[in-house]
Amino acid sequence: MKLTDKEYLILASFVDDVHNDAVQTGITIREMLMDCIEGDEFFCVTEEIQAYSRLLELKLAALWSAPDAAGYAFTNENDDKWIIFVYKPDALLENLKTLLSGENTLMKQAAQFLLANCGNGACFVTGFGLGGALALYAAGLAEDIQGVVFDAPGIGQISEAQGSGQTDLCNILAYNSLVSALGIHSETFQFAVPAGGGTTGIPLLGQADRHCYKTDSNGGIITGDPGETFVLLSKLNILFEEGDSIEAVSGAFLRAADLQDSGASGLIHAMLSISERMNLSGIREALAEIGGHYDRHVQEIWRKWKKDMTGYARKQGQDELVATFAEQSESAMLEASALLEELYRISEAFLSVLVLYGQEESRLPDLLEELLSGLTEPMIARLERLSLQMTAELDGLMEMSLSAAFVWPELHFNFKK
């Protein structure tokens, strides 16, 4: 029994209304809804499913339950399987970073559940948001798994690192959703058109629902081009990395917003607060601090280079010193250039959040290029000055090398009386 996109959408959605403590194996979807939802609410939930009555008779064959996630394995009379993965939206902020980095054990638990319950017949999986990410990962460790997931972040980086292969699943991204813009998408994916003709109103770091999708008369999700903010949203992936540069940039923005610096590990929690509290003056203050951080780091590169080259000049001949000078200078310039690029990308990600989720009257969209130029131009000038500083030292280093190589002859005097 092959499902339409709309039927997958229904399956991925209805379990949000189900409480695990009221579920037992052997129960049908119809009975699950009757046990968990009452009165008018039950009618509203089942009204849409009723048009696809074959879904209501699917029976629950197995259940996996974790503190923040769940898996439901349903079957029909032909022993086909439909496995739905769910992730609680309330836990999204808490575990988003660990899930996208592969540190969270839920990925492997979901895979174990699928492998134990996919059966010998056809197997289909689905899920929303991080539930969809669990489905993508699990399907990559099995064979002949089909299905559709919705608004799932990319997990290509996890799949490659942990041996999960390419899947036949399609990921239909919600319009302008931050969740689905995160990660690396190695799976087949499409972009849903806005369900209401405009933006979907998905909250920052929120999770889409079935109302974010529009279907045609054949039950297919209507797809189109990427949302206008998808590229900006994708830039936020860098905020899930770690390192001194993330700490430096996040600290500058947090301090400018008068928020406590909780470090990179708690950064994703602070993004909404930063966007609500940051003004143009605070942004310029944060960017100036980031520029100062870069200048100090380049000074450290310069001091280390000079110390090392002085040591080489006292030990090496001039020809060897010229080769060492070229090698060490290139290495120092590459280090300084890489830091400049990294600070730019991280700062751009922060500014993207402020542009997308800042106050409506803000002039940030018009000033974005100007603000980034104001950050990078002084850093580029400092990089060029580093190159001139190193070049200016060459003559002095060569003279030091020559002096070290010159040995006064040993003189012997014989005085005759």
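Points worth noting:
- In the set Gly206, Gly219, only one residue is touching a helix residue (DSSP H, G or I) at 6+ places or on another chain (Cβ under 8 Å), open to solvent by less than 70 Å² (accessible area, probe 1.4 Å) and at pLDDT 75 or above; that residue is Gly219.
- Taking the criterion of being in contact with a strand residue (DSSP E or B) (Cβ under 9 Å, 6 or more places away or on another chain) and surrounded by 12 or more Cβ atoms within 10 Å (Cβ to Cβ), the residues of segment 225-247 that qualify are Pro226, Gly227, Phe230.
- Single residue of segment 1-41 satisfying the filter (at pLDDT below 70 and under 17 Å from Arg210 (Cα atoms)) that is least open to solvent (accessible area, probe 1.4 Å): Val18
- Residues satisfying the stated conditions in segment 330-368, i.e. open to solvent by 80 Å² or more (accessible area, probe 1.4 Å) and either at pLDDT 85 or above or hydroxyl-bearing (Ser, Thr, Tyr) (or both): Glu330, Leu334, Glu335, Glu341, Arg345
- From the list Thr391, Thr324, Thr376, the lone residue that is among the polar types (S, T, N, Q), at pLDDT 90 or above and open to solvent by 70 Å² or more (accessible area, probe 1.4 Å) is Thr391.
- When Gln146, Gln112 are screened for being assigned to a strand (DSSP E or B) and within 24 Å of Asp79 (Cβ to Cβ), only Gln146 passes.
- Cβ-Cβ distances below 6 Å connect the following pairs, each with a first residue in segment 230-242 that is more than 12 Å from Val179 (Cβ to Cβ), a second residue that is open to solvent by 40 Å² or more (accessible area, probe 1.4 Å) and at pLDDT 80 or above, and a separation of six or more residues or different chains: Ile238/Arg345.
- For Thr126: the one exception among (1) of a type in the set (S, T, N, Q); (2) open to solvent by less than 30 Å² (accessible area, probe 1.4 Å); (3) assigned to a helix (DSSP H, G or I): (3)
- Taken together, Ala139, Ala152, Ala135, Ala73 contain a single residue that is assigned to a loop (DSSP other than H, G, I, E, B) and at pLDDT 90 or above, which is Ala152.
- Restricting attention to segment 161-173, the residues that are surrounded by fewer than 24 Cβ atoms within 10 Å (Cβ to Cβ), part of a loop (DSSP other than H, G, I, E, B) and modelled with pLDDT of 75 or more total 1.
- Among residues of segment 174-202 that are assigned to a loop (DSSP other than H, G, I, E, B), those with a Cβ under 7 angstrom from a residue that is of a type in the set (Val, Ile, Thr) and at pLDDT 85 or above, sequence gap 6+ or separate chain, pair up as Tyr175/Val193; Gly183/Ile155; Val193/Ile222; Val193/Thr223.
- The set of residues in segment 310-327 that are more than 40 Å from the chain's Cα centre (by Cα) and under 11 Å from Met398 (Cβ atoms) comprises Ala313, Gln316, Gly317, Gln318, Asp319, Leu321, Val322.
- Number of positions in segment 289-317 that are open to solvent by less than 70 Å² (accessible area, probe 1.4 Å) and part of a helix (DSSP H, G or I): 18
- Annotation: of all residues in segment 254-288 being open to solvent by less than 50 Å² (accessible area, probe 1.4 Å) and either more than 25 Å from the chain's Cα centre (by Cα) or at pLDDT 85 or above (or both), the one that is nearest to Phe325 (Cα to Cα) is Leu287.
The values are calculated or read from the model by the stated rules, or taken from the named source; none is laboratory data. Computed from a predicted structure; not experimentally measured. Ideal geometry is used to build each Cβ from the backbone, glycine not excepted, and the neighbour counts take in all protein chains shown. Ligands, DNA and RNA are excluded from the accessible area calculation, which covers all protein heavy atoms including side chains. Shrake-Rupley method; radii C 1.70, N 1.55, O 1.52, S 1.80 Å.
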